[in-house]
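The values are calculated or read from the model by the stated rules, or taken from the named source; none is laboratory data. Keep in mind it's a predicted model, so treat the numbers as computed, not measured. Cβ placement follows ideal geometry from the backbone for every residue including glycine, while neighbour counts extend to all protein chains displayed.
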Amino acid sequence: MMPSPRRRTEPSASAGLANLVGRVHECDCFELLARLPDGCCELIYVDPPFGTGKTFRGHAASGIGFADRLAGGRAAQIAFLLPRLIEMRRVLRECGSLYVHLDYRLAPYIRVELDLIFGQRNFLNEIIWSYRTGSRPGCHFARKHDTILFYARQAGRHVFNLQREGEYRTEGLQRDAEGRAYKTTRRGRLYFHGEGPVVPDVWDIPFLSTVSKERVGYPSQKPLRLLDRIVRASSSPGGLVADFFCGSGTTLVAAQQQGRRWLGCDSNPQAVRISRHRLVQCPHEPRPSEPRP
Ligand SMILES: C[S@@+](CC[C@H](N)C(=O)[O-])C[C@H]1O[C@@H](n2cnc3c(N)ncnc32)[C@H](O)[C@@H]1O
């Protein structure tokens with residue numbers, strides 16, 4: 001049965017919040033959400049179990065892993081996520097955003113639910129994280145992307161720092177005396193932005209290979225590059241970033257590296273231990289209120 005969240009939005013809530021920030025909590029995220037006051041988070045990213053029916057394991061000998069299996073199948077998975085997503089909206093600031101990382105199993109259903117919870121006008125992107133890993137499906141194309149649903153608490157008021165990456169296609173274009181490519185338009189020369197094109201909603205970021213140095217031994221660990229992009233785009237220095245299914249702590253590491261405040265939780269003690277260890281090891285950018293050495 002669903003635990004009923006205790007709301008604490010009275011004045012003492014901000015004192016309570018200070019005790020929760022900068023920590024990885026071992027609990028069901030519903031419990032942590034219930035302890036948070038309204039409107040405290042600038043960015044929430046969640047990567048909940050996808051309802052694969054599998055048990056995910058880390059390094060063979062470690063015994064580390066988690067079961068992605070909820071009795072009741074897809075309907076149960078949706079029923080599990082719904083109240084938690086409603087709580088996530090409650091704890092978002094007016095300028096805040098939510099990213100929900102899913103795959104083809106749940107994404108279409110949760111998109112409909114999130115449209116109802118947030119309002120369709122606050123839907124911003126369906127981000128496709130495209131990757132290549134080995135597989136040999138017999139009778140359909142290889143499934144090589146995840147879907148990240150991106151919503152604003154209030155579109156237009158949300159924090160968004162445009163991200164640029166990569167190279168423009170400049171073959172065949174004219175070049176000036178300094179070798180810079182440009183297009184000729186009626187209004188004169190049009191130069192390309194020095195930092196590259198705007199990042200689109202399809203992200204080609206490699207999956208962490210089994211031998212990647214970034215791996216910390218927790219299954220389903222997401223690449224830091226993916227979370228780094230989300231943290232940079234949708235939070236400001238000193239803003240509070242939360243991950244309520246934090247696994248190995250990738251979001252929290254990205255937040256710490258970028259000088260954001262953070263909090264996270266996971267119901268699996270092994271995940272909590274790994275995240276805490278990772279965060280202690282990880283350098284952090286001084287936040288705006290901290291004096292620079
Ligand atoms: C896909 S993993 C997250 C991986 C993470 N993004 C990373 O980069 O390591 C999902 C996590 O959700 C956790 N989890 C499952 N149910 C939960 C719940 N009710 N509350 C909090 N965490 C939960 C699992 O233990 C698992 O670590």
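Filter region 242-262 down to the residues that are within 10 Å of the ligand (Cβ to nearest atom) and either of a type in the set (Val, Ile, Thr) or part of a loop (DSSP other than H, G, I, E, B) (or both) and list them by number. Steps first, please.
First pass over region 242-262, keeping only residues within 10 Å of the ligand (Cβ to nearest atom): 243-254.
Within region 242-262, PHE244, PHE245, CYS246, GLY247, SER248, GLY249, THR250, THR251, VAL253 meet the criteria.
How many of the residues making up region 214-241 are out of contact with any helix residue (DSSP H, G or I) (no Cβ under 7 Å at 6 or more places or on another chain), in a loop (DSSP other than H, G, I, E, B) and under 20 Å from VAL272 (Cα atoms)?
4
Does ARG180 satisfy being without any contact (Cβ under 8 Å) to a residue 40 or more places away in the chain and out of contact with any strand residue (DSSP E or B) (no Cβ under 9 Å at 6 or more places or on another chain)? Can you show your working first?
Numbers: without any contact (Cβ under 8 Å) to a residue 40 or more places away in the chain: yes; out of contact with any strand residue (DSSP E or B) (no Cβ under 9 Å at 6 or more places or on another chain): no.
When the stated conditions are applied, ARG180 does not pass them.
Please return the ranges of strands (runs of 3 or more DSSP E) entirely within region 1-70 where 1 or more residues are surrounded by 15 or more Cβ atoms within 10 Å (Cβ to Cβ) and modelled with pLDDT of 95 or more.
Numbers: elements: 24-26, 41-46, 55-57, 65-67.
Counting at least 1 such residues, we get 24-26, 41-46.
Test GLY194 against the stated conditions and say whether it is in the same structural domain as ALA67 (by TED's automatic domain parsing) and assigned to a loop (DSSP other than H, G, I, E, B).
The answer is no for GLY194.
Name every residue in region 201-213 that is surrounded by 13 or more Cβ atoms within 10 Å (Cβ to Cβ) and assigned to a loop (DSSP other than H, G, I, E, B), in order of residue number.
Within region 201-213, ILE205, PRO206, PHE207, LEU208 qualify.
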